[in-house]
Amino acid sequence: MDKKGASKGGTTESALQVFEKGNLEKTIVDAVKSANNRALELGK
């Protein structure tokens, strides 16, 4: 995750740390890939 907009020790940084612990970025990537694969199947 990009921390450019997060102040050190601030609320955004705190939230980003939780997202990282839960591997949110991978979850989002997997969801987008799944949706794309389903769209390709439906388009056949």
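Bear in mind these aren't lab numbers, they're just calculated from the coordinates by the rules spelled out. If you're wondering where the values come from, they're calculated on a predicted model, not measured in any experiment. As a convention, Cβ positions derive from the backbone with ideal geometry for all residues, glycine included, and neighbour counts pool all protein chains shown.
For the chain, a crude dipole built from +1 on the beta carbon of Lys and Arg and -1 on the beta carbon of Asp and Glu, taken about the Cα centre, is about 60 debye to the nearest 20.
Student exercise: in the chain, how many lysine pairs 8 or more apart or on different chains have Cα atoms under 19 Å apart?
So the count of such lysine pairs works out to 5.
Using 0.36 nm per residue and subtracting the Cα-Cα separation, the extra length available between V29 and K8 on full extension is 4.9 nm. Neighbours of V32, meaning other residues whose beta-carbon lies under 14 angstrom from its beta-carbon, give a summed charge of +1 when Lys and Arg score +1 and Asp and Glu score -1.
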